[in-house]
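Q: I am attaching a structure below and will ask some questions about it afterwards.
The values are calculated or read from the model by the stated rules, or taken from the named source; none is laboratory data. Quantities reported herein were computed from a predicted structural model and do not represent experimental measurements. Here the Cβ positions follow ideal geometry from the backbone for every residue, glycine too, while neighbour counts run over all protein chains shown.
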Amino acid sequence: MTKENTNNAKPDQTKPDQTKPDQAKEDQAGTGQVLEAARREKLRRIEELGFDPYGGRFDDHQSIDSIRNMADQIVTEPLPQTAPDPNARPQQPHQSGPKVRAAGRIILQRKKGKLIFLDIWDWTGKIQVLIGANQVGETNWELAQCFDLGDIIGVDGELMLTRTGELSIAASGLTFLSKSIETPPAKFHGLTDPDLRSRMRYMDLVHTEGVLERMLRRTKIVHSVRATLAGEGFVEVEGPTLHTIAGGAAARPFTTHHNALNIPLVLRIALELHLKRLLVGGMERVYEMGRVYRNEGIDQKHNPEFTMLEVYQAYGDCRSMMDLAEKIIVDALKATGQDLIIKWNGQSINFTPPFARRTYDSLVEEYAGVDPVNREAVIERAKSLGIDVVGKHFDLVKNELFEECVEDKLIDPVFVTDYPASICPLTKRRRDNPEIADRFELFVQGVELANAYTELNDPDLQEALFSKQLEGQKTDETMAKMDKDFIRALRHGMPPAGGLGIGIDRLCMFLTDTAAIREVILFPLQRPEVL
């Protein structure tokens, strides 16, 4: 509920309103038009000089990082030992450096007479470029007058150190590669609005410190996951993203329609059921890392489109998956050059294996302060926390109590085991206690990072559990249909197996010290922008 304004005083009508949004937009648009016109005039001038303002192939250029690593190749000749002349201009020692070729975006520009100082940036770093009128020639000097912040240029020259010791390229040749018509963000403010940063990720990568490095670290994490799985004998496959039945999870799907076949379809909400079909077909170690789609809310830990890893190992179980999950995470940390104890959101996380193992009920008892098998006590404790218990299965009430009291207490990685079987319809039961699912969830900093089962491969039991889950859900989009073909596949015999799911975006959040999922997804879902 929004508070009403209890201040009855009328605004001062004698003063102009300085904060009218429409006027601010008009002023901003006017300024933008002027700046764009100036840039377009420079574009026209570039063409007049005989250059293509959108360039072309630029072979044999070196990354800026590799150029900076050539600094030790600069040779400085000592000055002759002569008596100092107090009236003479200080002499500069002669330098000779390697010839280099760089390409990058102009992120800083300043002029001083017949000398232009630029900072150019590529995805490995930045470096200063010195453009002298006498050194580049008349035509290139004219070209340099057309440079704007954001333009992409190529530079040929010699590596040198300035009088202040700054590593620079003394330009001898210039190549124009792309004109920026839009003005980049202001130097000191940049892209600060989170919504705008995600929407204009192409500028966020350039102008917001650490963003490009974080996204490149994500690629290393993904590569490491694949390398770990390949090393363990798993093969990567690609399942369909369009399904006729939303299965493998309890989630609301995105719906669509295929015109040629005239059938309704959904975007997949999980990878599980098709990968298990492959176990039936004899692919004994199989995984997919791909996008899944859930038509649900957006917050710090959820995006409707996200990347999921699912792994299945024939003749394994959930304990096999514990070992694999540990290895995937530890290998990813090593691949990104990090220690096993890292910082996330200001807190330390210790990923040193083996990760802790705790049973579900022991955690409920410790953090909810209630006997987990005492139904009345659990229900009363849930009521005291405002949890709705009416008409709910006892295990669902206890699970909500777990979510409320336990999850945010799990800081270092911990495998939570022995979940109630009633809330795990795809999981094999423990032989010694069929009320308990042979399953774990891996929690870190209160966030579920991985989920694993000893997979249920009894077709009759699986069908019965599906049917029970669907009871009373005929109007619910989440799991409203039985996947009869999956049951048919199980009837042909699926080997005993362990299955593991890891949210790749959440893993990247932890391994890049990022609190929001949108900061590790290049293009998170947003409302359409009105341009």
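Q: Out of everything in segment 218-272 that is under 15 Å from Val286 (Cα atoms) and charged (D, E, K, R), what residue ends up being farthest from the chain's Cα centre (by Cα)?
A: Looking at residues that are under 15 Å from Val286 (Cα atoms) and charged (D, E, K, R), I get Glu232.
Q: Quick check on Val373: is it of a type in the set (Val, Ile, Thr) and under 24 Å from Leu500 (Cβ atoms)? Reasoning before the result, please.
A: On the way: of a type in the set (Val, Ile, Thr): yes; under 24 Å from Leu500 (Cβ atoms): no.
In short, no.
Q: Within segment 201-235, track down each residue that is outside any helix (DSSP H, G or I) and under 21 Å from Leu511 (Cβ atoms).
A: Thr208, Glu209, Gly210, Glu232, Phe234
Q: As an exercise: evaluate Arg201 against (1) touching a helix residue (DSSP H, G or I) at 6+ places or on another chain (Cβ under 9 Å); (2) of a type outside the set (Phe, Trp, Tyr); (3) without any contact (Cβ under 8 Å) to a residue 40 or more places away in the chain; (4) outside the structural domain of Gly50 (by TED's automatic domain parsing) and give the number of the one condition it does not meet.
A: It fails just one condition, (3).
Q: OK, next. For the subset of segment 477-520 comprising residues that are among the aliphatic types (A, V, I, L, M) and within 20 Å of Lys343 (Cα to Cα), which member is surrounded by the most Cβ atoms within 10 Å (Cβ to Cβ)?
A: So the first thing to find is which residues in segment 477-520 are among the aliphatic types (A, V, I, L, M), and the list is 479-480, 482, 487, 489-490, 494, 497, 500, 502, 504, 507, 509, 511, 515-517, 520.
Filter once more, so that each one left must be within 20 Å of Lys343 (Cα to Cα): 504, 507, 509, 511, 515-517, 520.
On the way: Ile504: 21, Leu507: 23, Met509: 28, Leu511: 25, Ala515: 12, Ala516: 15, Ile517: 21, Val520: 24.
Once the filter is applied, the top-ranked residue is Met509.
Q: Looking at segment 182-220, which of the residues that are β-branched (Val, Ile, Thr) and surrounded by fewer than 14 Cβ atoms within 10 Å (Cβ to Cβ) is modelled with the highest pLDDT?
A: Thr219
Q: Could you tell me whether segment 487-497 includes any residue that is closer than 30 Å to Lys220 by Cβ, assigned by TED's automatic domain parsing to the domain that holds Ala325 and modelled with pLDDT of 95 or more?
A: yes
Q: Look at Thr417 and say whether it is within 30 Å of Ile517 (Cα to Cα), among the polar types (S, T, N, Q), modelled with pLDDT under 95 and surrounded by 18 or more Cβ atoms within 10 Å (Cβ to Cβ).
A: Numbers: within 30 Å of Ile517 (Cα to Cα): yes; among the polar types (S, T, N, Q): yes; modelled with pLDDT under 95: no; surrounded by 18 or more Cβ atoms within 10 Å (Cβ to Cβ): yes.
It is false that Thr417 is within 30 Å of Ile517 (Cα to Cα), among the polar types (S, T, N, Q), modelled with pLDDT under 95 and surrounded by 18 or more Cβ atoms within 10 Å (Cβ to Cβ).
Q: Still on this model: Are any of the residues in segment 260-267 outside any strand (DSSP E or B) and in contact (Cβ under 8 Å) with a residue 60 or more places away in the chain?
A: So far as segment 260-267 goes, no, none of its residues is outside any strand (DSSP E or B) and in contact (Cβ under 8 Å) with a residue 60 or more places away in the chain.
Q: Taking segment 269-292, which residues are buried (at least 20 other Cβ atoms within 10 Å of the Cβ) and in contact with a Lys or Arg (Cβ under 8 Å, 6 or more places away or on another chain)?
A: Ile269, Val292
Q: Only residues that are more than 23 Å from Ile411 (Cα to Cα), of a type outside the set (A, V, I, L, M) and either without any contact (Cβ under 8 Å) to a residue 24 or more places away in the chain or out of contact with any Gly (no Cβ under 7 Å at 6 or more places or on another chain) (or both): list them for segment 439-464, please.
A: We begin by selecting, within segment 439-464, every residue more than 23 Å from Ile411 (Cα to Cα); these are 454-464.
Going one step further and asking which of them are of a type outside the set (A, V, I, L, M), we end up with 454-455, 457-460, 462-463.
Matches in segment 439-464: Asn457, Asp458, Pro459, Asp460, Gln462, Glu463.
Q: Out of all the residues in segment 345-366, is one or more over 20 Å from Asn451 (Cβ atoms), aliphatic (A, V, I, L, M), outside the structural domain of Val222 (by TED's automatic domain parsing) and not in a loop (DSSP other than H, G, I, E, B)?
A: Taking every residue of segment 345-366 in turn, none turns out to be over 20 Å from Asn451 (Cβ atoms), aliphatic (A, V, I, L, M), outside the structural domain of Val222 (by TED's automatic domain parsing) and not in a loop (DSSP other than H, G, I, E, B).
Q: Looking only at segment 115-138, how many residues end up being part of a loop (DSSP other than H, G, I, E, B) and closer than 18 Å to Leu49 by Cβ?
A: Looking only at that region, the number is 1.
Q: Still on this structure: Please state which one of Ala249, Ala230 is out of contact with any Phe, Trp or Tyr (no Cβ under 8 Å at 6 or more places or on another chain), in the same structural domain as Lys334 (by TED's automatic domain parsing) and under 18 Å from Ala452 (Cα atoms).
A: Ala249
Q: Which of the strands (runs of 3 or more DSSP E) contained wholly in segment 397-466 include at least 3 residues that are in the same structural domain as Met308 (by TED's automatic domain parsing) and not β-branched (Val, Ile, Thr)?
A: 433-437, 439-444, 447-454
Q: I'd like to verify a number: residues in segment 308-348 that are closer than 17 Å to Ile502 by Cβ, more than 21 Å from the chain's Cα centre (by Cα) and of a type in the set (Ser, Thr, Tyr), how many?
A: The total comes to 2.
Q: Go through segment 151-168 and give me each residue that's over 13 Å from Pro53 (Cα atoms) and in a loop (DSSP other than H, G, I, E, B). Steps first, please.
A: Going residue by residue through segment 151-168, those that are over 13 Å from Pro53 (Cα atoms) are 155-168.
Answer for segment 151-168, where residues must be over 13 Å from Pro53 (Cα atoms) and in a loop (DSSP other than H, G, I, E, B): Thr162, Arg163, Thr164, Gly165, Glu166.
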